[in-house]
Amino acid sequence: MLSRQNPEENTFARVQGLVRRVVGLVAASTVALGGSAGGGVGAAPGVIPTSLTAWTADVNGIVAPIGNAPAGGDLHAIKLQMPVIAIAGRPGTTGYWMASLDGGVFAFGGAPFLGSLGARPLNQPVVNIAPTPTGRGYWLVASDGGVFSFGDARFFGSLGSTPLNRPIVAMSSTATGHGYWLLASDGGVFAFGDARFFGSLGGERIAAPIATFAVSPRGRGYWLVDRTGRVRAFGDATPWGDANVGAALAVGIAPTKDANGYWIASSDGDVRAFGDAGPGASQAHLAGSTVGIATPWASSSGLALPLLEFLRTLARARSRQQIRTWVGPDEVALTFDDGPSQYTLGVLAALERLGVQATFFAVGTEVVSHPELVRAEADAGMAVGDHTWDHADLTHLSPAEITAELQRGSDAIAAATRRSPLCFRPPYGDTSPTIVSQAARLGLTQILWNVDPSDYLRPGTSTIVSRVLATANGRGLVVAIHDGGGDRSQTVAALPAIVFGLRARGYTFVRLC
Ligand code: ZN
């Protein structure tokens, strides 16, 4: 039974073709970043298998029944606008729902359709669907932690207005339905309503992003599974082994009814069994990448984040073709480093009065302390670039550490401005080919400078002005000054004379990035 469809022609055909590639790329980069994959531990021989009733779904909405599960229908005849990102079983029945990235909900096998976000413009894409224990409601959760309730699902709070380090990837109800947990890709767990907190990986350094989780049947613990198939257990959840998913991505974990085992599904359609879980691997593989696994008692899906990452990279590549990363003759770009700080608003006010658009290279730790200042920069039409998470000298770091510094800085800016930066500036201008290529993989172009009046040494306002104007001989200028990192009142005071002086010499102000 199909309850919602998107009849119009769409972008999905394009997306669909790319999904398989993205999964391969993400898996490859996870391995390159040192992701650890443990050896798979199958069901012990001689153990009577717990019967498996489950379904997996792929990005096209095609469903593969496993074990005793009846075929309930799927989306094979439907043209989707955006990929399916989750499947959830209706508790106690053989019905199930699928959800798509744009908030569409599709109901099958007697599961009721109770509404969707399909027609609503969303700030951030939907990443998961979680049923209530009664099967008469469900929640949709977006990557920014926004929660949307349908049917008998009640709202117990969300992260919709909280800046997050990492996107939300999964959601699960408590046993009563009077609360839920949200899971972020860094392993952070957020409990609402009667959901109890049993621990998380938030703040820990993890080798690979967390894909999804499953709550233990008694609701007193949960298993988190990362992209490589590694499992972390909390509360009363017992770890039964890690899945070695090889070149695929782990996308779902479903415990057996007695919690003495679980199945782990991977993007290539494999289902691996652990503990007393019966064998799950023998199934028809789906044409598209598998997004998750659903049973009548537990469901989880975990392909949303790699899909989103890829779509974001596409969008960045497209916008990078339109951004300025250079200055021509008689052009000048003012760039402000090390903020935001208490001087940022003064800089913005001066630039606004002077009619100049500039570029800010913000430090992640400062962005997190003052997201409103970075938002003010973006709102004023300024470009915001990445100046790393904590102003580290990148030349002293490993490739994986370089990526982490830049990614964390970019994520902080994206959380504050809802726009991912396109450029970065290495602290101290210390750079290397490795740094440039690691940054390029994140979609970041390096911006250095050719004018440095050393305003950070506070030489006096008139000295700052004269040092900048002395370089103005008609060549393109990228001026590095500072709106953070110390007392910047001299810099703020120097701005009018710098702008008037350069304009008098025939310069036009351009914004980079
Ligand atoms: Zn700096």
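Looking across segment 467-492, the residues that are more than 16 Å from the ligand (Cβ to nearest atom), within 39 Å of the chain's Cα centre (by Cα) and either assigned to a helix (DSSP H, G or I) or hydrophobic (A, V, I, L, M, F, W, C) (or both) come down to LEU477, SER489, GLN490, VAL492.
Matching residues to (1) free of Cβ contacts under 8 Å to residues at least 40 places away in the same chain; (2) assigned by TED's automatic domain parsing to the domain that holds ALA400; (3) in contact with a Pro (Cβ under 6 Å, 6 or more places away or on another chain):
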| residue | (1), (2), (3) |
| --- | --- |
| GLY199 | yes, no, no |
| GLU204 | yes, no, no |
| PRO209 | no, no, no |
| THR212 | no, no, no |
| ALA233 | yes, no, yes |
| ASN244 | no, no, no |
| ALA265 | no, no, no |
| ALA277 | no, no, no |
| ALA287 | no, no, no |
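Restricting SER161, SER116 to residues that are of a type in the set (Ser, Thr, Tyr) and without any contact (Cβ under 8 Å) to a residue 40 or more places away in the chain narrows the list to SER161.
Any residue in segment 329-347 that is in contact with a Phe, Trp or Tyr (Cβ under 9 Å, 6 or more places away or on another chain) and assigned to a helix (DSSP H, G or I)? Scanning segment 329-347 turns up at least one residue that is in contact with a Phe, Trp or Tyr (Cβ under 9 Å, 6 or more places away or on another chain) and assigned to a helix (DSSP H, G or I). Taking (1) within 12 Å of the ligand (Cβ to nearest atom); (2) crowded, with 24+ Cβ neighbours inside 10 Å; (3) more than 13 Å from CYS423 (Cα to Cα); (4) hydrophobic (A, V, I, L, M, F, W, C) in turn, VAL374 satisfies each apart from (1).
Looking at the structure I just gave you, is MET98 modelled with pLDDT of 50 or more, buried (at least 17 other Cβ atoms within 10 Å of the Cβ) and outside any loop (DSSP other than H, G, I, E, B)? For MET98, the condition - modelled with pLDDT of 50 or more, buried (at least 17 other Cβ atoms within 10 Å of the Cβ) and outside any loop (DSSP other than H, G, I, E, B) - is met.
Restricting the search to segment 377-420, which residues are in contact with a strand residue (DSSP E or B) (Cβ under 9 Å, 6 or more places away or on another chain), away from the ligand (no atom under 13 Å from the Cβ), closer than 14 Å to GLN438 by Cα and hydroxyl-bearing (Ser, Thr, Tyr)? Of everything in segment 377-420, just one residue is in contact with a strand residue (DSSP E or B) (Cβ under 9 Å, 6 or more places away or on another chain), away from the ligand (no atom under 13 Å from the Cβ), closer than 14 Å to GLN438 by Cα and hydroxyl-bearing (Ser, Thr, Tyr), namely SER410.
The set of residues in segment 425-481 being closer than 24 Å to ILE413 by Cα, in contact with a Lys or Arg (Cβ under 8 Å, 6 or more places away or on another chain) and surrounded by fewer than 15 Cβ atoms within 10 Å (Cβ to Cβ) consists of LEU448 alone. Highlighted here are the strands (runs of 3 or more DSSP E) found entirely within segment 230-328 that include at least 1 residues which are in contact with a Gly (Cβ under 8 Å, 6 or more places away or on another chain), surrounded by fewer than 20 Cβ atoms within 10 Å (Cβ to Cβ) and modelled with pLDDT of 90 or more: 231-235. Taking the criterion of being surrounded by 24 or more Cβ atoms within 10 Å (Cβ to Cβ), in contact with a Leu (Cβ under 9 Å, 6 or more places away or on another chain) and hydrophobic (A, V, I, L, M, F, W, C), the residues of segment 101-118 that qualify are LEU101, VAL105, PHE106, PHE108.
The values are calculated or read from the model by the stated rules, or taken from the named source; none is laboratory data. In this text, all values refer to a predicted model and were calculated from it rather than measured experimentally. Note that each Cβ is placed from the backbone with ideal geometry, even for glycine, and that neighbours are counted across all protein chains shown.
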